[in-house]
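Here the structure is laid out as structure tokens; the discussion comes afterwards.
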Amino acid sequence: MTITISNQDYWDLFQEANITHQEESEVLDVTWKYPAVLGQGYRREIELQPGLNLRVEDYQLHKNLICKGDEHQHPIQYGFLLAGNFKSREDNISPGQNWFCGCGLEQSCIAQQSAQSRMLQVNVHIAPQLCQSFITKPRGEISPELRHLFREPSQEYYYRYGQVTTEMQLALQQILRCPYQGVTKKVYLESKVLEILALMLEQEIELQRGKVCPLSLKHDDLDRIHQAKKILLQRLDNPPSLIELARQVGLNDYTLKRGFRQVFGKTVFSYLHDYRLEQAQQLLARSEMKVTEIAGVIGFDSRSYFAAAFRKKFGMGPKAYQMRYKNSG
């Protein structure tokens with residue numbers, strides 16, 4: 001069964017549901033309990049500064065849901081789907097995808113959400129003037145590749161979908177696991193939101209310059225590319241060659257190479273390299289393993305190469321990182 005509801009009625013249900021306010025002098029952080037009639041979970045809204053808002057939604061519906069939106073003015077927005085699936089207009093959005101929206105007029109539209117799985121998404125809304133202050137050049141100009149983000153109220157807004165890169169994923173996890181409170185939380189979250197904005201802007205500039213093609217892969221190819229990533233991460237210590245990996249998932253090596261970069265923003269082995277280092281970072285912080293053991297577990301044969309790669313990515317060697325983390329605990 002499917003529930004069909006207007007956006008206004010949808011938000012009215014939130015108003016009627018139990019609301020827990022967590023307000024501090026430095027940051028407004030409000031958690032809304034998801035309406036029990038629709039599902040369970042929460043919607044969290046954090047105002048980092050006037051015109052800059054972070055929203056985290058984590059919930060599961062009881063039944064499929066269709067929301068009908070009215071025409072309205074759209075802010076600058078970027079967001080990420082980390083779990084679940086939904087359909088907006090005619091686009092099917094799956095985990096690992098992001099969206100980037102400019103300001104302007106949004107026509108009435110329909111969004112469909114499935115009750116089959118948990119939904120987890122992160123959204124950032126930015127007032128157009130504030131966003132312009134972040135990206136305007138010294139002479140007051142906006143780069144030609146970004147001007148389309150700022151349209152007149154009567155013009156239809158710009159939007160596109162893309163793929164979450166490794167760098168974006170890391171920053172998103174840091175947002176979701178923010179360990180701080182008060183003003184420290186505000187500064188930390190704002191820094192991560194702006195870090196991701198920089199990554200989204202770079203992705204947009206490359207797209208506009210034709211360096212990155214919009215998503216055009218077949219659904220079956222996308223499934224095979226995600227399967228290739230899964231195989232790759234299961235074999236950290238002994239990864240297959242590109243040709244072997246392509247053969248295992250039923251693609252030719254060119255399609256896998258091109259598609260993997262399009263989906264994940266990196267070549268196959270750049271992705272593997274960064275993932276290994278991120279796993280090493282977690283092991284150094286959370287385990288009692290020696291640096292040499294960690295290097296072997298994640299697939300580095302040479303400790304010196306591992307140390308150099310870790311230092312390049314994180315700004316310090318693995319041993320120094322491990323000691324600093326233990327001392328801070």
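See the values below:
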| item | result |
| --- | --- |
| Cα gyration tensor category, rounded, prolate or oblate, for segment 60-213 with a/c compared to 1.5 | oblate |
| Among 235, 247, 286: highest mean-square fluctuation, GNM of the chain, C-alpha pairs under 10 Å | 286 |
| Length released on extending from residue 187 to residue 231, taking residue separation times 0.36 nm less the Cα-Cα span | 12.1 nm |
| Tensor-based shape of segment 124-267 (alpha-carbon gyration tensor, a/c under 1.5 rounded, otherwise prolate or oblate) | oblate |
| Cα-projected label distance for residue 267 with residue 155, points at 7 Å along beta-carbon direction, nm | 3.9 |
| Cα centroid separation - segment 296-329 against segment 150-220, whole Å | 28 |
| Which listed pairs, of 87/192; 33/218; 257/312, have C-alpha distances above 29 Å, in listed order | 33/218 |
| Helical mean residue ellipticity (222 nm; -39500 (n - 2.57) per DSSP H run of 4+; nearest 500) of the chain | -13500 deg cm²/dmol |
| Most mobile listed residue (11, 99, 32) in the chain, GNM with C-alpha springs under 10 Å | 11 |
| The chain - convex hull of the alpha-carbon atoms, volume per residue in Å³ | 168 |
| Spin-label pair residue 73/residue 44, simplified geometry with 7 Å Cα→Cβ offset, distance in nm | 3.0 |
| Most fluctuating residue given options 75, 35, 179, as computed from a GNM of the chain linking Cα atoms under 10 Å | 179 |
| Protection-proxy order for peptides 150-161, 190-201, each taking the mean of Cβ atoms within 10 Å per residue, highest first | 190-201, 150-161 |
| Summed side-chain charge close to residue 274 - residues other than residue 274 whose Cβ falls under 9 Å, Lys, Arg +1, Asp, Glu -1 | +1 |
| Net charge, residue 125 excluded, C-beta distance under 14 Å - Lys, Arg +1, Asp, Glu -1 | -2 |
| Charge tally in the Cβ shell below 12 Å around residue 70, where Lys, Arg are +1 and Asp, Glu are -1, residue 70 excluded | -2 |
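Bear in mind these aren't lab numbers, they're just calculated from the coordinates by the rules spelled out. For clarity, every value in this text was computed on a predicted model and none was experimentally measured. Positions of Cβ are backbone-derived with ideal geometry, glycine not excepted, and every protein chain shown enters the neighbour counts.
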